[in-house]
Amino acid sequence: MAQPRVVVVGGGLAGLSATMRLAELGVTVDLLSLVPVKRSHSVCAQGGINSVNALTRQQGDSEWKHFDDTVYGGDFLQHQPPVKEMADWGPRIIDLMDRLGVPFNRTPEGFRDQRRFGGTLYKRTAFAGATTGQQLLYALDEQVRRHEVAGRVTKWEFWDFLAPVLDDTGRCRGAICQDLVSMQFRSFPADAVILASGGCGLVYGRSTMSMVCTGSAISRAYQHGAAYGNGEFIQVHPTAIPGADKLRLMSESARGEGGRVWVPRTPQDPRDPRTIPEAERCYFLEERYPKYKNLVPRDIATREIFDICTTEGLSVEKDRPCVYLDLTHLPRQELDRKLHGILEIYEKFQGVDPRDVPMKIFPAVHYSMGGLWVDYQRSATGGMEEGSPRNHQTSIPGLYAVGECDYQYHGANRLGANSLLSCIFSGLFCASGVIAGSQSSKRTAAEESSRLFDAALRREQDRHEALLGRRGSGDNPYQIHQELGALMTRVATVVRRNEQLSAAYDEVCALEDRWRRCAVSDTGNWTNQNVVFTKSLGDMFPLAKIILIGALQRDECRGAHFKPAFAVPGLQATDEAARRREAEEWCDRFASNTARWLKSTVARPGADGHPQIAYEDVDTSLIPPRPRLYGLVGADLIEEVWRERQQASEARVGGTGVGSGRPLAATS
Amino acid sequence: MIAPNHAADSAPAADEGREIRVRILRQDAPGQESYWERHAVPYEPNMNVISVLQRIAAGARSADGRPVAPVTWDCNCLEEVCGSCTMLINGRTRMACSALVDRLLEEQPEEIELRPMSKFPVVRDLVVDRRRLFRGLERVKAWVPVDDSYDHGPGPRISPEEQEDAYPLSTCMSCGCCLEACPQYTKIEPVRREGETGEAFAERRQGAFDRGFVGAHAVSQAMLFNAHPTGKMIADERLEALTSAGGIQMCGNAQNCVAVCPKAIPLTRSIARAGRAATVWAIKRLFDR
């Protein structure tokens, strides 16, 4: 059989690394992107990329510990073999990016420098100033440009993915896409389609995400039958700069380099923060988390900042919740060398120099741990089997997902600087399996009847024409989007309550109804951004429903998903025996909750327009789930009790861990 | 992309009723006449030009209340790192996201003027076609010529000084401000001829691009990769490109590029280095014959 033809949708880190590897393997790639690939959202990643390295290794670190930190930080909600494989690949990926010319910061001797990030005690994070994502993206963009010049890659920039083309067996045979300049439609027959389209932050209106992060591509795949995993797990980043058009990220690396989070002990203390004495400042993260201090995992830092402003009333400002992120005690030269990019953003957009004045920050929607459900094949050593066509395949055969748009690596909470790794890793790793999968198919997409593509193309054309031809109620799509964003931000971010989630679900349905009746103000067929936005807005509703229903049904707290009604407090008793008893009860409750809820949420589109939710066991066969105890009162005792139980159970069953669930096979 | 439209969190009462007047140079499609259109949006504190454009797109009415097609523009990250939203704001080439309305009104209180970049073909309104800019990166082979993406251990050892020299050059986001400001970089806008195939037109267009000035951004990228231990293995190929038609010799040393670069990249230093390297290379080639 001839070399396959592959369509890659999205030109961020995941899409570019997949394209680079496929092109190298002789595959012809059509790379589609809403923007020139060099402008993809990966440029916004700031802090760095994680991997065990020569230095941390000598301090006792290992690939296994990186893997352990990732699943512990993610509250065990990810299948472990892919995560193990990713951690194992970490050092090789950093080396590769180094060879591609990424200007990583250097030590005086010329080695790559590293800094510490959240959820670990090791300095595992390689970085290039504070624009690491940009630098990694550019290195991959350059390699793909090289392949483009050599004729192995064709870029289709300013193109929108509208739908996968499925044959009568349900296999993906290509894609229907639209040119955003000429508004022309085109079908792309392909032996495999890889979605690398990133996150869906615009479902929340304002977030740290770029304007292309509408989630439309994954929503369209879902609407054609692809399963969606763990949708309710949305990361809210602890530190962002509030803005009217966007919430701009203030990287975790600011804390990694020594930045401290605090509020004045006097509510809304009007003094210049620099004149407030140490004793009158509350460094609440350091006080409550003496081990990790300002570098607790993101979900925890976010909740603390949120609480101190809302519940405890200690926001720096009265009308606008925010806390101080303070770098002013650090040497200016060091700041410029390591954090210049983010300091410049604060300075440009706030007009204040954060080297002199503490920054005012507040949490913002940042990353989607959930995404398209993808399969994997476990290897004999407990990792992922290289070359298996199952790796990263969605529930639609021939349709793959990599990067932020898959659900595979981060569980209930992502650790900082792990996303760049997962994006590059999944892009590179999927390539051999994608080729094997497309070669196993009996006929190539090129041999497929043109009727299949014509019909799919006509369907999209008709939808487009119908949208242009709507005589609407006068409702404005931008207004509807604003309401959707405000609603989702209110009910489905830091704190979640069932009555709110359930009411919000009905409100989303009502907004969707209004969307069906709204009209576009531009009915032309040349660079019509109005109709493209309106279309992508329509595709936000299925995602919003998946998030809400997943959150509503999950009656527990796990990582980024926090429901006060189901929170388990720390130990209260002071008497030793009573405390021990409480710890035993705590562990009983943890065990039963694990049995009930340590499962991925898997959503499929129902015939009635509502997501159908099923739950999938998580493969935790490598590291048995244990309580996530960052900063909890009585953590030591709970840990002790839990360890005793583990040892007892291991003695009983002869050494294997609990819950060796198998992942669901792709349904065909 | 049209970005979402959001009202600010709180608008102080003192600004109630205050309007921002905006004058936009519009063009419906390539080859069509351009025309000015006035818009007005309610003032809010801390607005940038993107949020003004968001309000204008959402309203889709001109200042005199006429329904008009929404204004079209490019943007993505909104934090001045993706390079999308370059335009002429009050006559100056810059990024719309980091152009704060309060500052603009201090400069020019009557109105804000928005025009598309003048050195690239207009696609529609404020959207221009910058593919020539990316072609410049191909011309100078702006990449490290690695064997493959498999594991071959780490890259070369690099001193902190070399890293600190390279990093600023590597932050170039291909926004095109340096090209807009350059007197030597003139607009190239070939039009497809009747009966010409798409491929033939693309080839002819590329030929036209390749005869034009490659631009400061590409010169700087060539110097970035010529300084990299692996990148310099094809240094001669880059110098060949920089000394052929449209190369470094076209630079008139106006130094506008460095003045407008939003990332303060030392472009003139790169140009000076490229000039010296090109001279040395030309002499070397003379003797090698």
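The values are calculated or read from the model by the stated rules, or taken from the named source; none is laboratory data. None of these values were measured; they are calculated from a predicted model. For neighbour counting, all protein chains shown are included, and Cβ atoms are generated from backbone atoms with ideal geometry for every residue, glycine included. Surface accessibility is based on the protein's heavy atoms, side chains included, excluding ligands, DNA and RNA. Shrake-Rupley method; radii C 1.70, N 1.55, O 1.52, S 1.80 Å.
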Handout entry: Lone qualifier among A:Thr120, A:Thr154 - being touching a helix residue (DSSP H, G or I) at 6+ places or on another chain (Cβ under 8 Å) and within 14 Å of another protein chain (Cβ to nearest Cβ)
Key = A:Thr154
Problem - Criterion (within 25 Å of A:Cys213 (Cα to Cα) and either in contact with an Asp or Glu (Cβ under 8 Å, 6 or more places away or on another chain) or open to solvent by 10 Å² or more (accessible area, probe 1.4 Å) (or both)) met by exactly one of A:Leu487, A:Leu428 - result: A:Leu487
Handout entry: Answer residue from segment B:158-176, given it is at the interface with chain A (Cβ under 7 Å from one of its Cβ atoms) and in contact (Cβ under 8 Å) with a residue 60 or more places away in the chain and is farthest from A:Ala54 (Cα to Cα) among those
Key = B:Ser174
Fill in the blank from the handout: Over segment A:312-340, the set of residues open to solvent by 70 Å² or more (accessible area, probe 1.4 Å) and in a loop (DSSP other than H, G, I, E, B) is A:Glu312, A:Lys318, A:Asp319, A:His329, A:Pro331
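On the phi > 0 side of the Ramachandran plot and either open to solvent by 30 Å² or more (accessible area, probe 1.4 Å) or at the interface with another protein chain (Cβ under 7 Å from one of its Cβ atoms) (or both): which single residue out of B:Gly83, B:Gly155 fits that description? Before you say what the answer is, go through the steps one by one.
Working: B:Gly155 fails: on the phi > 0 side of the Ramachandran plot.
Result: B:Gly83 is the single residue among B:Gly83, B:Gly155 that is on the phi > 0 side of the Ramachandran plot and either open to solvent by 30 Å² or more (accessible area, probe 1.4 Å) or at the interface with another protein chain (Cβ under 7 Å from one of its Cβ atoms) (or both).
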Completion exercise
Counting only residues in segment A:75-95 that are touching a residue at least 60 places away in the same chain (Cβ under 8 Å) and more than 21 Å from A:Ser379 (Cβ to Cβ), the one surrounded by the fewest Cβ atoms within 10 Å (Cβ to Cβ) is identified as A:Asp75
Exercise for the section: Kindly check whether there is at least one residue in segment A:106-114 that is in contact with a strand residue (DSSP E or B) (Cβ under 6 Å, 6 or more places away or on another chain), at pLDDT 95 or above, more than 9 Å from chain B (Cβ to nearest Cβ) and surrounded by 19 or more Cβ atoms within 10 Å (Cβ to Cβ). Expected result: yes
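Taking into account only those residues within segment A:45-60 that are touching a helix residue (DSSP H, G or I) at 6+ places or on another chain (Cβ under 6 Å) and within 11 Å of another protein chain (Cβ to nearest Cβ), which is surrounded by the most Cβ atoms within 10 Å (Cβ to Cβ)? Spell out how you get there, then give the answer.
Restricting attention to segment A:45-60, the residues satisfying the condition of being touching a helix residue (DSSP H, G or I) at 6+ places or on another chain (Cβ under 6 Å) are A:45-52.
In the following step, the residues that additionally are within 11 Å of another protein chain (Cβ to nearest Cβ) were identified as A:45-46.
On the way: A:Ala45: 27, A:Gln46: 29.
Applying the filter and picking the extreme gives A:Gln46.
Based on this model, can you work out whether A:Asp191 counts as away from every other protein chain (no Cβ under 11 Å), in contact with a Pro (Cβ under 8 Å, 6 or more places away or on another chain), open to solvent by 10 Å² or more (accessible area, probe 1.4 Å) and charged (D, E, K, R)?
Numbers: away from every other protein chain (no Cβ under 11 Å): yes; in contact with a Pro (Cβ under 8 Å, 6 or more places away or on another chain): yes; open to solvent by 10 Å² or more (accessible area, probe 1.4 Å): yes; charged (D, E, K, R): yes.
Yes.
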Exercise for the section: Can you confirm whether segment B:13-34 contains a residue that is modelled with pLDDT under 95, open to solvent by less than 30 Å² (accessible area, probe 1.4 Å), part of a helix (DSSP H, G or I) and more than 30 Å from B:Lys263 (Cβ to Cβ)? Expected result: no
Handout entry: Matching option when the condition is over 21 Å from the mean Cα position of the chain (by Cα), within 12 Å of another protein chain (Cβ to nearest Cβ), surrounded by 24 or more Cβ atoms within 10 Å (Cβ to Cβ) and β-branched (Val, Ile, Thr), among A:Val144, A:Val181, A:Val212
Key = A:Val144
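Return the residue satisfying two criteria in turn: it lies in segment A:194-205 and is within 14 Å of chain B (Cβ to nearest Cβ) and surrounded by 24 or more Cβ atoms within 10 Å (Cβ to Cβ), and of such residues it is farthest from A:Glu157 (Cα to Cα). Outline the logic, then answer.
Restricting attention to segment A:194-205, the residues satisfying the condition of being within 14 Å of chain B (Cβ to nearest Cβ) are A:197-205.
Now restrict to residues that are surrounded by 24 or more Cβ atoms within 10 Å (Cβ to Cβ): A:197-204.
Details: A:Ser197: 13, A:Gly198: 16, A:Gly199: 19, A:Cys200: 20, A:Gly201: 21, A:Leu202: 21, A:Val203: 23, A:Tyr204: 26 Å.
The selected residue is A:Tyr204.
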Handout entry: Failed item, numbered, when A:Asp353 is tested on (1) modelled with pLDDT of 95 or more; (2) surrounded by 16 or more Cβ atoms within 10 Å (Cβ to Cβ)
Key = (2)
Problem - Qualifying residue in segment A:512-519 (condition: in contact with a Phe, Trp or Tyr (Cβ under 9 Å, 6 or more places away or on another chain) and crowded, with 22+ Cβ neighbours inside 10 Å) - result: no
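Go through B:Arg211, B:Arg193 for me and flag whichever is more than 13 Å from chain A (Cβ to nearest Cβ) and without any contact (Cβ under 8 Å) to a residue 12 or more places away in the chain.
Values: B:Arg211 fails: without any contact (Cβ under 8 Å) to a residue 12 or more places away in the chain.
So the residue among B:Arg211, B:Arg193 that is more than 13 Å from chain A (Cβ to nearest Cβ) and without any contact (Cβ under 8 Å) to a residue 12 or more places away in the chain is B:Arg193.
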Practice task
Starting from segment A:443-466, keep only residues that are open to solvent by 80 Å² or more (accessible area, probe 1.4 Å), then list their pairs with residues that are part of a helix (DSSP H, G or I) whose Cβ atoms are within a distance under 9 Å, requiring at least 6 positions of separation or different chains.
Solution key: A:Arg463/A:Lys535
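Among the listed residues A:Leu598, A:Leu622, A:Leu571, A:Leu637, identify the single one that is farther than 28 Å from A:Phe233 by Cβ, of a type outside the set (D, E, K, R) and in contact (Cβ under 8 Å) with a residue 12 or more places away in the chain.
On the way: A:Leu598 fails: farther than 28 Å from A:Phe233 by Cβ; A:Leu622 fails: farther than 28 Å from A:Phe233 by Cβ; A:Leu571 fails: farther than 28 Å from A:Phe233 by Cβ.
Going through A:Leu598, A:Leu622, A:Leu571, A:Leu637 in turn, just one is farther than 28 Å from A:Phe233 by Cβ, of a type outside the set (D, E, K, R) and in contact (Cβ under 8 Å) with a residue 12 or more places away in the chain: A:Leu637.
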Handout entry: segment A:13-32, subset open to solvent by 10 Å² or more (accessible area, probe 1.4 Å) and more than 11 Å from every other protein chain (Cβ to nearest Cβ), residue nearest to A:Thr208 (Cα to Cα)
Key = A:Thr28
Fill in the blank from the handout: All conditions in (1) assigned to a strand (DSSP E or B); (2) open to solvent by 20 Å² or more (accessible area, probe 1.4 Å) are true of A:Pro397 except (1)
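Could we say that A:Ala603 is touching a residue at least 40 places away in the same chain (Cβ under 8 Å) and crowded, with 16+ Cβ neighbours inside 10 Å here? Explain how you work it out, then say what you get.
Working: touching a residue at least 40 places away in the same chain (Cβ under 8 Å): yes; crowded, with 16+ Cβ neighbours inside 10 Å: yes.
It is true that A:Ala603 is touching a residue at least 40 places away in the same chain (Cβ under 8 Å) and crowded, with 16+ Cβ neighbours inside 10 Å.
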Practice task
Starting from residues that are more than 11 Å from chain A (Cβ to nearest Cβ) and touching a strand residue (DSSP E or B) at 6+ places or on another chain (Cβ under 6 Å), keep the ones in segment B:90-104 and report whichever is nearest to A:Thr208 (Cα to Cα).
Solution key: B:Leu104
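Does B:Glu107 satisfy being within 12 Å of chain A (Cβ to nearest Cβ) and within 30 Å of A:Val352 (Cβ to Cβ)? Talk me through it step by step, then tell me what you get.
On the way: within 12 Å of chain A (Cβ to nearest Cβ): no; within 30 Å of A:Val352 (Cβ to Cβ): yes.
Against the criterion (within 12 Å of chain A (Cβ to nearest Cβ) and within 30 Å of A:Val352 (Cβ to Cβ)), B:Glu107 does not qualify.
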Completion exercise
Requiring at least 3 residues that are under 16 Å from the mean Cα position of the chain (by Cα), the helices (runs of 4 or more DSSP H) wholly within segment B:115-233 are B:131-139, B:177-180, B:216-227
